[in-house]
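To start, the structure itself, in structure tokens.
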Amino acid sequence: MDASIVIQGVLVGLILAVPVGPLSLMCIRRTLSEGRLHGILSGIGVTAADAVYALVAFLGLTAISGLIISHVLFLRAFAGLVLIAVGLRIIFFLPDGESEKTGQESYTRDFLSMLTLAIASPMTLLFLMVTLPGYGLVFGGTSLFAAGEFVAGFVLGSAAWWVILCGAVGSLRSRISPNMLVLINRISGLLIVCVGAVMISEPLLILAGLF
């Protein structure tokens, strides 16, 4: 086992997970409205999608990565539309003051919904294809075992961040009133809608020949 590859995976996982974007906002909102575990599992869904892209980038699967990148505009437009729909739903969502939702079906839905959104955002793959060479990792001919070590570290780093973030946010949940939660929902929903609008604007401008 090469500890340096695992550590590099941890670092890259943290680099991708820490910045606050629309998916992070959704995980934070779920933590505040439904509980820590809902937020953590939502974050793990993002981690799973990013881990798939990390494996593709590390192994240099040019056929798969090329296919994804060739459809990047379509995927960005799809992800943008989904984010707009999700953002609007969050804006008009009114908390009912009930206790945390539980149940395997609810947790599975948290995980799968974020997995789908993250998979539809191939910018992770583009980021990894650009940054991984800076870590001294060679795509061509890289062994499957080394790739497994890197992805294991990647998942560990990313998952650790979601546990820390959602755990910290969850500790504030009892101090937030329903009115404050409504305000948080509207602000985060508006930000998510704006990000979605930006994501679909580039494909539309390119199709119109204006970009």
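The values are calculated or read from the model by the stated rules, or taken from the named source; none is laboratory data. Only a predicted model underlies this, so the values are computations on that prediction, with no experimental measurement involved. Heads up, the Cβs are rebuilt from the backbone with ideal geometry, glycines too, and the neighbour counts pull from every protein chain shown. The area values use the complete protein model at the heavy-atom level, side chains included, leaving out ligands, DNA and RNA. Shrake-Rupley method; radii C 1.70, N 1.55, O 1.52, S 1.80 Å.
Miscellaneous remarks
- Placing a pseudo-label 7 Å from each Cα along the Cα-to-Cβ vector at residue 89 and residue 71 gives an inter-label distance of 2.2 nm.
- Applying 1/(1 + (r/R0)^6) with R0 = 41 Å to the Cβ-Cβ distance of residue 81 and residue 106 gives a FRET efficiency near 0.95.
- Estimated at the nearest 10 Å², the accessible area of residue 188 is 10 Å² with a 1.4 Å probe.
- Heavy-atom SASA rank of 30, 109 (probe 1.4 Å, accessible area, largest first): 109, 30
- Label point distance in nm, residue 205-residue 168, each placed 7 Å from Cα along Cα→Cβ: 3.4
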